[in-house]
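The block underneath contains the structure these notes are about, expressed in structure tokens.
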Amino acid sequence: MVLLVTTAAELRNWRTTKPSQRLAFVPTMGALHEGHIRLVERAREIADAVVVSIFVNPTQFGQGEDFERYPRTLENDLALLDDLADVVYAPSVDDVYPPDAPPPVESAGPAGAGFEGAARPGHFDGMLTVVNRLFDIVNPDVAVFGQKDAQQVHLVRRLAIERGGPEIDVVTTVREDDGLARSSRNRFLSSQERAAASAVPETVRTVAAHINTGVSAALAAGRAVLAAEPLARLEYLELVSPADFTPVDDTFHGEATLVVAARFGTTRLLDTESITVPENQQAKGPQPDE
Ligand code: PAF
């Protein structure tokens, strides 16, 4: 049975009872779905003990964002984690950000300025600040993150290198039958928007299928998919270098990360995929028999 703790002190006490166990940590904001469960299952596979945090972090929500309406489903989350996690840490805001000793604010810097960072100013500073603080409290050997939030993963990897740990383990995106990435925000889609949202994974598949025609041609093919869906508003679609998260162009070859964000009504959906850009194929355009 999972142990629920609500303070850093309780968590540290629990940790002292397991000194030699390899500890995996899954930070979440709750509203758990199949995608989170996959992260926790992965944590179980690679460690002796598993801590999951459930904390809707106010500092990573901007003005007018959905902090208030972010789903809070603690009872259901605990039931889902019962056989999977050893401890759930579900703290108050004051436990994470003690008013008398607030944790240092992390800066995401240039790698956090584009894409999600541009759409949500301050988001990544808040995300890194809470992740750094949670790493301090939980003190895990390894932390598990979902691939879907590719820019977050990039920044968290950098944070972990700067801090000297933990290891970061990344789990591939869990998808619905039509390919839509699982997300706590999918529940905000109307049924029409939900049907239209399959254009996001279709865009990802289209870019991957056209990558032999070069980076810009493949991205243009992907943009056309979303442009054809009246309920979708594309925010960005780019291939970025995994090294620094900046967009690549037709001179690039190797492993790139496709990132896409599109809005359906008031809900923003993200997706990502790792795509290999082949050598000597850049900018050649569609071939006569294609
Ligand atoms: O990905 C999330 O759910 C959040 O950004 C995280 C990592 C739990 C930090 O609040």
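The values are calculated or read from the model by the stated rules, or taken from the named source; none is laboratory data. Just so we're clear, the structure is a prediction, and the values are computed from it rather than from any experiment. Glycine gets a Cβ as well: all are built from the backbone with ideal geometry, and neighbour counts include every protein chain shown. To get the accessible areas, we keep the full protein, side chains included, count just its heavy atoms, and leave off ligands, DNA and RNA. Shrake-Rupley method; radii C 1.70, N 1.55, O 1.52, S 1.80 Å.
The set of residues in the stretch 119-153 being open to solvent by 30 Å² or more (accessible area, probe 1.4 Å), touching a residue at least 40 places away in the same chain (Cβ under 8 Å) and either within 29 Å of ALA9 (Cβ to Cβ) or away from the ligand (no atom under 12 Å from the Cβ) (or both) consists of ALA119, PRO121, GLY122, ASP125, ASN139, ASP141. The residues on offer are ALA9, ALA43, and the sole one that is part of a helix (DSSP H, G or I), among the hydrophobic types (A, V, I, L, M, F, W, C) and surrounded by fewer than 16 Cβ atoms within 10 Å (Cβ to Cβ) is ALA9. Of everything listed in (1) more than 14 Å from the chain's Cα centre (by Cα); (2) away from the ligand (no atom under 11 Å from the Cβ), the single unmet condition for THR59 is (2).
Residues of the stretch 172-183 that are part of a loop (DSSP other than H, G, I, E, B) and either touching a residue at least 40 places away in the same chain (Cβ under 8 Å) or open to solvent by less than 70 Å² (accessible area, probe 1.4 Å) (or both): THR173, VAL174, GLU176, ASP178, GLY179, LEU180, ARG182, SER183.
Inspect the stretch 28-40 for any residue being closer than 17 Å to PRO166 by Cα, open to solvent by less than 20 Å² (accessible area, probe 1.4 Å) and not polar (S, T, N, Q) and give the result as yes or no. Looking through the stretch 28-40, at least one residue is closer than 17 Å to PRO166 by Cα, open to solvent by less than 20 Å² (accessible area, probe 1.4 Å) and not polar (S, T, N, Q).
Here the stretch 96-118 is the region considered, the condition is being assigned to a helix (DSSP H, G or I) and open to solvent by 60 Å² or more (accessible area, probe 1.4 Å), and the residue that is nearest to PRO242 (Cα to Cα) is PRO110. The residues of the stretch 240-255 that are under 17 Å from ASP149 (Cβ atoms) and among the aliphatic types (A, V, I, L, M) amount to a single one, VAL240. Of the residues making up the stretch 4-44, those that are small (Gly, Ala, Ser) and under 16 Å from ARG182 (Cα atoms) are GLY30, ALA31, GLY35.
Residue pairs whose Cβ atoms lie under 6 Å apart, separated by 6 or more positions or on different chains, with the first residue in the stretch 57-78 and of a type in the set (S, T, N, Q) and the second surrounded by 16 or more Cβ atoms within 10 Å (Cβ to Cβ) and part of a helix (DSSP H, G or I), are ASN57/VAL130; THR59/GLY126; THR59/THR129; GLN60/HIS123; GLN60/GLY126; GLN60/MET127.
The rows are residues; the columns are (1) within 26 Å of GLY64 (Cα to Cα); (2) in contact (Cβ under 8 Å) with a residue 40 or more places away in the chain; (3) surrounded by 20 or more Cβ atoms within 10 Å (Cβ to Cβ).
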site	(1), (2), (3)
ARG187	yes, yes, no
ALA199	no, yes, yes
LEU237	yes, no, yes
GLU273	no, yes, yes
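Within the stretch 79-95, can one find any residue that is at pLDDT 95 or above, outside any helix (DSSP H, G or I) and among the polar types (S, T, N, Q)? Yes, the stretch 79-95 has at least one match. If you filter the stretch 157-169 down to residues that are surrounded by 15 or more Cβ atoms within 10 Å (Cβ to Cβ) and of a type in the set (A, V, I, L, M), you find that the one that is nearest to GLU106 (Cα to Cα) is LEU159. Any residue that is of a type outside the set (D, E, K, R), over 22 Å from GLU65 (Cα atoms), assigned to a loop (DSSP other than H, G, I, E, B) and under 18 Å from the mean Cα position of the chain (by Cα) - is there at least one of those in the stretch 151-171? Checked the stretch 151-171: at least one residue is of a type outside the set (D, E, K, R), over 22 Å from GLU65 (Cα atoms), assigned to a loop (DSSP other than H, G, I, E, B) and under 18 Å from the mean Cα position of the chain (by Cα). Beta carbons closer than 6 Å, at least 6 apart along the sequence or on distinct chains, pair a first residue in the stretch 16-34 that is in contact (Cβ under 8 Å) with a residue 60 or more places away in the chain with a second that is near the ligand (Cβ under 9 Å from one of its atoms) and part of a loop (DSSP other than H, G, I, E, B) for MET29/VAL56. Count of the stretch 131-164 residues, restricted to those that are closer than 14 Å to VAL52 by Cα and hydrophobic (A, V, I, L, M, F, W, C), is 9. Restricted to the stretch 244-262, and to residues there that are open to solvent by 60 Å² or more (accessible area, probe 1.4 Å), in contact (Cβ under 8 Å) with a residue 24 or more places away in the chain and among the charged types (D, E, K, R), the residue that is farthest from ARG233 (Cα to Cα) is ASP244.
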